[in-house]
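The values are calculated or read from the model by the stated rules, or taken from the named source; none is laboratory data. All figures in this text were calculated on a predicted structure; none of them were measured in a lab. Here Cβ is always computed from backbone atoms with ideal geometry, including for glycine, and neighbour counts include all displayed protein chains. Areas reflect the complete protein model, heavy atoms only, side chains present, ligands, DNA and RNA absent. Shrake-Rupley method; radii C 1.70, N 1.55, O 1.52, S 1.80 Å.
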Amino acid sequence: MSSDITSVVNPPHPGISKSRTPEPPEVIRAWLAGAHGTTGQVRLEWSMQRLAVLPLRIGLGAVRMPGGIVHAAVGTGEPRAVAAAVRDQLNGPVIQDVRTALGPTYWALVPYRADARWDGGTDTPLLGPGTYLGVPDLGITAPPGAYWVVQPYGRDHLCELPDVAAFIQRGRDATEVPA
């Protein structure tokens, strides 16, 4: 029996209009780098390593999703199909890294609030303040290493927690063995 995580309690995130014109990459980089106390350090890490380690905070969190759940929700692990499905179903930025101890792993960037309730289970935690996340530079859209499956198109463009919960539940339901 799968755990039901569609009972996420979180007020809607104001975010930005889906019809809004994408912002320039430098504006988005500045927004992401703003999570770090030293934005110059973030830009240096992006230029030298393609990846910067950013602290998650109120307003910017992430839900870790194992590749098996994501691929089950989509019905395939084929990268283009996964990217299209994630873009359409989560409506926000998603990072993947195939080189983790847990195997292929995805992170949906979400609005984090101190009062957020998340019943996603230990395999799909909501990560927030006190957690650091490797965030690739915006130009990194393919392996090796961490890369953007779906890039943010503006400041505060994030996945909504109810969308992420429903997506994870679809993956769990697709992997559930009938009794």
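Structure data summary
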read-out	value
Considering residues of region 37-63 that are in a helix (DSSP H, G or I) and surrounded by fewer than 19 Cβ atoms within 10 Å (Cβ to Cβ) only, the residue modelled with the lowest pLDDT	THR39
Test result for ALA116, at pLDDT below 95 and within 26 Å of ALA33 (Cα to Cα)	yes
Any hit, region 64-81, residues being of a type in the set (A, V, I, L, M, F, W, C), closer than 27 Å to PRO24 by Cα and surrounded by 14 or more Cβ atoms within 10 Å (Cβ to Cβ)	no
Any pair with Cβ under 6 angstrom, 6 or more apart, that starts in region 31-57 at a residue that is in contact (Cβ under 8 Å) with a residue 24 or more places away in the chain and ends at one that is of a type in the set (D, E, K, R)	TRP31/ARG155; ALA35/ARG57; TRP46/ASP137; ARG50/ASP137; ALA52/GLU45
Region 6-36 - residue that is among the basic types (Lys, Arg) and under 18 Å from the mean Cα position of the chain (by Cα) and, of those, modelled with the lowest pLDDT	LYS18
Only listed residue being closer than 22 Å to LEU161 by Cβ, in contact (Cβ under 8 Å) with a residue 40 or more places away in the chain and crowded, with 19+ Cβ neighbours inside 10 Å, chosen from GLY134, GLY128, GLY121	GLY128
Residues within region 137-154 that are among the hydrophobic types (A, V, I, L, M, F, W, C) and surrounded by fewer than 16 Cβ atoms within 10 Å (Cβ to Cβ), tallied	1
Boolean, VAL98 is modelled with pLDDT under 95 and β-branched (Val, Ile, Thr)	yes
Residues (in contact (Cβ under 8 Å) with a residue 60 or more places away in the chain and open to solvent by less than 80 Å² (accessible area, probe 1.4 Å)) located in region 17-29	GLU23, PRO25, VAL27, ILE28, ARG29
Enumeration of residues in region 73-132 that are aliphatic (A, V, I, L, M) and part of a strand (DSSP E or B)	VAL94, ILE95, ALA108, LEU109, VAL110, LEU126, LEU127
Out of PRO152, PRO162, sole residue that is in a loop (DSSP other than H, G, I, E, B) and on the phi < 0 side of the Ramachandran plot	PRO152
Test: residue in region 158-167 that is loosely packed, with under 15 Cβ neighbours inside 10 Å and not hydroxyl-bearing (Ser, Thr, Tyr)	no
Which numbered condition ALA84 fails, given (1) modelled with pLDDT under 95; (2) open to solvent by less than 50 Å² (accessible area, probe 1.4 Å)	(1)
